[in-house]
Amino acid sequence: PYLGSILGLVGMYGFWNLWAGTNGFFFPYILRTVGAATQAQSVAIQAFSFFIGMASIYFVFMRLSDRMNQRTLFAASAAIQILGMGLLALFPLTIPVALLHVFLLQFGGGFGAQSFFQLWSSEMFPTTLRATAQGLCFAVVRISLGVFSFFVPMLTATGFTTLAWILTGFLVMSGLVGVLWAPRNEGKSLEQLEAERAAH
């Protein structure tokens, strides 16, 4: 009975995590080797990104996720992140492009797939199954990222634009799955959600 929830979470979060894991791990390397940043600049940009993400979580996700249409909020996040990743596919990788990329990706990400995965994976399963379901979803997602990571250096060697388009595609897929599947749980307590599942 929870297969739909598992598949929805794995699809939404899995494609997003393929982008996030690749971008997070290789972005400083990409900035140094493809762009114009020094080691210090690339680390500073990466650190700046975490600050933006935390601000987005606090000012957007924590304040709005239980008050407005969660599907709409998720869609806005996905669109912002797709735009941010698309910059690297369309324009040469310079420091201004990298900074705008970081801002859009982290601002959109603060109220996007990561936050909604943590919220929805807590709400979609009863207490007795929650940890197992979350573990299963996370295992599939992280193993998939680990396998994909073996191919990233090869993709980067053939041209960064190719990798940028692939990562943009991952964000598009995550956005589509999330928008089409996303539950409407805003304003509901866990008890209410469990009662709805039992009735269903």
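The table that follows gives values for the structure above.
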{"item": "Residue in the range 95-105 that is more than 30 Å from ALA195 (Cβ to Cβ), open to solvent by 70 Å² or more (accessible area, probe 1.4 Å), aromatic (Phe, Trp, Tyr) and in contact (Cβ under 8 Å) with a residue 12 or more places away in the chain present", "result": "yes"}
{"item": "Within the range 140-152, considering residues that are open to solvent by 40 Å² or more (accessible area, probe 1.4 Å) and either touching a strand residue (DSSP E or B) at 6+ places or on another chain (Cβ under 7 Å) or free of Cβ contacts under 8 Å to residues at least 60 places away in the same chain (or both), the one nearest to SER121 (Cα to Cα)", "result": "ILE143"}
{"item": "From HIS200, HIS101, residue being within 29 Å of VAL60 (Cα to Cα) and not hydrophobic (A, V, I, L, M, F, W, C)", "result": "HIS101"}
{"item": "Residue count, the range 44-70 (criterion: basic (Lys, Arg) and either within 14 Å of PHE107 (Cα to Cα) or free of Cβ contacts under 8 Å to residues at least 24 places away in the same chain (or both))", "result": "1"}
{"item": "Sole residue being more than 16 Å from TRP16 (Cα to Cα) and open to solvent by less than 70 Å² (accessible area, probe 1.4 Å), chosen from THR168, THR162", "result": "THR162"}
{"item": "Number of positions in the range 182-194 that are assigned to a helix (DSSP H, G or I) and open to solvent by 60 Å² or more (accessible area, probe 1.4 Å)", "result": "4"}
{"item": "Flag if ARG142 is farther than 23 Å from ALA20 by Cα and of a type in the set (Lys, Arg)", "result": "no"}
{"item": "Count of residues meeting criterion [in a helix (DSSP H, G or I) and open to solvent by 80 Å² or more (accessible area, probe 1.4 Å)] in the range 42-82", "result": "9"}
{"item": "PHE125 vs. criteria more than 19 Å from PHE50 (Cβ to Cβ) and not in a helix (DSSP H, G or I)", "result": "yes"}
{"item": "Check on ALA113, open to solvent by less than 70 Å² (accessible area, probe 1.4 Å), small (Gly, Ala, Ser) and either more than 20 Å from GLY8 (Cβ to Cβ) or touching a residue at least 60 places away in the same chain (Cβ under 8 Å) (or both)", "result": "yes"}
{"item": "Residue match in the range 162-177 (condition: more than 18 Å from the chain's Cα centre (by Cα), assigned to a helix (DSSP H, G or I) and more than 20 Å from ILE6 (Cα to Cα))", "result": "yes"}
{"item": "Residue within the range 125-138 that is surrounded by fewer than 16 Cβ atoms within 10 Å (Cβ to Cβ), at pLDDT 85 or above, aromatic (Phe, Trp, Tyr) and farther than 26 Å from GLY108 by Cβ present", "result": "no"}
{"item": "Test: residue in the range 25-37 that is open to solvent by less than 70 Å² (accessible area, probe 1.4 Å), touching a Ser or Thr at 6+ places or on another chain (Cβ under 6 Å) and part of a helix (DSSP H, G or I)", "result": "yes"}
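The values are calculated or read from the model by the stated rules, or taken from the named source; none is laboratory data. These figures come from a predicted structure and were not determined experimentally. Neighbour counts run over all protein chains shown; Cβ positions are idealised from the backbone, glycine included. When the accessible area is computed, the model is the full protein with side chains, heavy atoms only, and any ligands, DNA or RNA have been set aside. Shrake-Rupley method; radii C 1.70, N 1.55, O 1.52, S 1.80 Å.
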